[in-house]
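Novice: Pasting a structure here, questions to come.
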């Protein structure tokens, strides 16, 4: 933990999508001000993994920024998005270290490879908070949703959708990216529910949570198993679900089998309303973003995380990382109104565009 802070002139935000280019500007002098009192003119870095998953820029970032400003109106914030590029994120963290930020929140592209950069930050006296994905290295705090709980919600939803036919059903499992430790937790949670209850015909890990990768994997599954031999699809995220559903449609599979998802993206909620996706997992982002912001401000001020983190987690470097786990919500067509609209994630107008007007009528969202 740094013992002094540097002077920052303003809040600056930027995104770098090419290695060697990080247009985050400067938040002030790069030297630390030995006379500035801790708690004044602090600088908090926020590193996001990519822009393809819409929640990071649309929800997590503004919520984190809002909570930081509520807690510390003199704090400056530096934001960069790595565009799902491991090397870019390494460089972005390196630049923040050079700038002398007081703390960094990192949503890792690759949780293992970021460890060396986290170590450099720690050696420079800059604590790092792992956001949503548990990064390697000497992490000072961790905030995420309960990954096993997410997988269990997805698995239970599939069993409900299959009903009495579950034991005779064959599913395709499309897990998340192997570079994201959360993907393993989702898979474990789902398998704890599905094992010995259904047959797994094919299983894939989708690198980078890519919609395109999911499309290719599902096309392969259809070719191997047959267009009418897939009874359900475990898709670890909404981006994966989108690719799987597109491939099933391209193969003229009708009706579509139940498909899970995660992240409650607007397009996924619309697919749920029109019946092409069975469910998603909504993570009330404030439950994750606010504790991360609170951790960042506390660590920047030299305070402990007592009162913020009630749990602990370990990675390969640290055995006792203060952690906050938030609870997710399963969403199907039956509770879109209650848990998506009434909780303020999306409005009826956002969901019920002309294309989905009749589906929204059937779902009771309009009329």
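Novice: Check 225, 248 and return the single one that is in the same structural domain as residue 191 (by TED's automatic domain parsing), farther than 22 Å from residue 330 by Cα and buried (at least 24 other Cβ atoms within 10 Å of the Cβ).
Specialist: Exactly one residue qualifies, and that residue is 248.
Novice: Scanning segment 292-307 for residues that are in contact (Cβ under 8 Å) with a residue 60 or more places away in the chain and touching a helix residue (DSSP H, G or I) at 6+ places or on another chain (Cβ under 9 Å), which turns out surrounded by the most Cβ atoms within 10 Å (Cβ to Cβ)?
Specialist: My answer is 296.
Novice: On the given criteria, is residue 92 crowded, with 24+ Cβ neighbours inside 10 Å and in the same structural domain as residue 61 (by TED's automatic domain parsing)?
Specialist: yes
Novice: Give the residues of segment 179-189 that are modelled with pLDDT of 95 or more and either touching a helix residue (DSSP H, G or I) at 6+ places or on another chain (Cβ under 7 Å) or within 25 Å of residue 227 (Cβ to Cβ) (or both), sorted by residue number.
Specialist: Result: 185, 186, 187, 188, 189.
Novice: Could I ask something else about it? Return the only residue of 215, 234 being surrounded by 17 or more Cβ atoms within 10 Å (Cβ to Cβ), modelled with pLDDT of 95 or more and not in a helix (DSSP H, G or I).
Specialist: 234
Novice: Hey, among 65, 78, which residue is in contact with a strand residue (DSSP E or B) (Cβ under 7 Å, 6 or more places away or on another chain), under 23 Å from residue 303 (Cβ atoms) and surrounded by fewer than 22 Cβ atoms within 10 Å (Cβ to Cβ)?
Specialist: 65
Novice: When you scan segment 240-253, do you find a residue that is more than 20 Å from the chain's Cα centre (by Cα) and in contact (Cβ under 8 Å) with a residue 60 or more places away in the chain, even just one?
Specialist: Looking for residues that are more than 20 Å from the chain's Cα centre (by Cα) and in contact (Cβ under 8 Å) with a residue 60 or more places away in the chain, one finds none in segment 240-253, hence no.
Novice: How many residues does segment 51-62 hold that are assigned to a loop (DSSP other than H, G, I, E, B), in contact (Cβ under 8 Å) with a residue 40 or more places away in the chain and surrounded by fewer than 19 Cβ atoms within 10 Å (Cβ to Cβ)?
Specialist: Within segment 51-62, residues that are assigned to a loop (DSSP other than H, G, I, E, B), in contact (Cβ under 8 Å) with a residue 40 or more places away in the chain and surrounded by fewer than 19 Cβ atoms within 10 Å (Cβ to Cβ) number 1.
Novice: Quick one: is residue 128 modelled with pLDDT of 95 or more, within 23 Å of residue 185 (Cβ to Cβ) and touching a helix residue (DSSP H, G or I) at 6+ places or on another chain (Cβ under 7 Å)?
Specialist: Judged against the criteria, residue 128 is a match.
Novice: Limited to segment 95-127, what total is found for residues that are crowded, with 19+ Cβ neighbours inside 10 Å and assigned to a loop (DSSP other than H, G, I, E, B)?
Specialist: 11
Novice: I would also like to ask the following. Quick one: residue 174 ticks every box in (1) closer than 27 Å to residue 256 by Cβ; (2) under 19 Å from the mean Cα position of the chain (by Cα); (3) assigned to a helix (DSSP H, G or I) except a single one, so which number is it?
Specialist: (3)
Condition check ((1) touching a strand residue (DSSP E or B) at 6+ places or on another chain (Cβ under 8 Å); (2) at pLDDT 95 or above; (3) part of a loop (DSSP other than H, G, I, E, B)) across all residues:
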{"residue": "138", "(1), (2), (3)": "yes, yes, yes"}
{"residue": "149", "(1), (2), (3)": "no, yes, no"}
{"residue": "153", "(1), (2), (3)": "yes, yes, no"}
{"residue": "158", "(1), (2), (3)": "yes, yes, no"}
{"residue": "166", "(1), (2), (3)": "no, yes, no"}
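Novice: Do we have residue 192 as modelled with pLDDT of 95 or more, farther than 17 Å from residue 259 by Cα and part of a helix (DSSP H, G or I) here?
Specialist: Yes; evaluated as a whole, the condition is true for this residue.
Novice: Listed residues 329, 321; which is at pLDDT 95 or above, more than 15 Å from residue 129 (Cα to Cα) and either surrounded by 12 or more Cβ atoms within 10 Å (Cβ to Cβ) or more than 19 Å from the chain's Cα centre (by Cα) (or both)?
Specialist: 329
The values are calculated or read from the model by the stated rules, or taken from the named source; none is laboratory data. Source: prediction; values computed, not measured. So basically every Cβ, Gly included, is an ideal-geometry build from the backbone, and we count neighbours across all protein chains shown.
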